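Shown next, in structure tokens, is the structure this report addresses.
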Amino acid sequence: MIGGWLRSSAEPRVLVRHLQSLMLPSEPRVGRRYLRLADRRVFEWIWPVLSPLQRQQWLGPINRWWALNRRNELVLHAMTEAVPEEPHHDPELLTAAQWTRLHDCELAQQILRGWSSFADPLPADYVPQAEHALRSVRSLGVAEPADIVLMSAYQLQIHPRLCEHPRVVELVRTAQNSDVPLQDALAGMPDPEGWDRIRHELTTGSPPNPLA
């Protein structure tokens, strides 16, 4: 089963073979993996990082591929111009970075589900924002999935550069260097005045001030 609506002039058997190959890519040193294209969110997560040649290969005999995004909008995926072939390039082969992104898909969806609970609708650029939040939180050394989702939720609510603020870095370090859970460390920030102060400082570029 495939998530979305497809338009193709190819014979059904040709289309079936093509989709089967898409859903069973080979990961280096692992082998064949099942790619859940029945879940439109998987396709939405990987499509932005595919090269033009890879996109052409993925579509293959498919002329148009529509899918609903998290804003309940129909998004069209199609090739509007020819893509020159690249020598010594296998368009079916995903790069290491693309496989890493696929492995992050479930974590990204947890972040987006949490975000959608307090932001309805999500902004049009919700995928890049979630990706940025995931990268920012990991830059602080946060590794536990639940903590990544939690810290990402704070960033998405407050400011895209939240993880750069000295007070936030201090709170994360406190959790990492003690037995204090990250959730409890973050709860030590006065709410909402402390977070509002941080948002203001990041937005205006003013120097951090100690909280009273």
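Coordinate-derived values only; no laboratory data. Not measured: the values here are computed from a predicted model.
Structural remarks
- Spherically averaged projected area of the convex hull of Cα atoms, the chain: 15.2 nm².
- Two numbers describe the Cα atoms of segment 3-76: Rg and Dmax, which are 12.7, 38 Å.
- Cα gyration tensor shape for segment 94-202, rounded if a/c is under 1.5, else prolate or oblate: oblate
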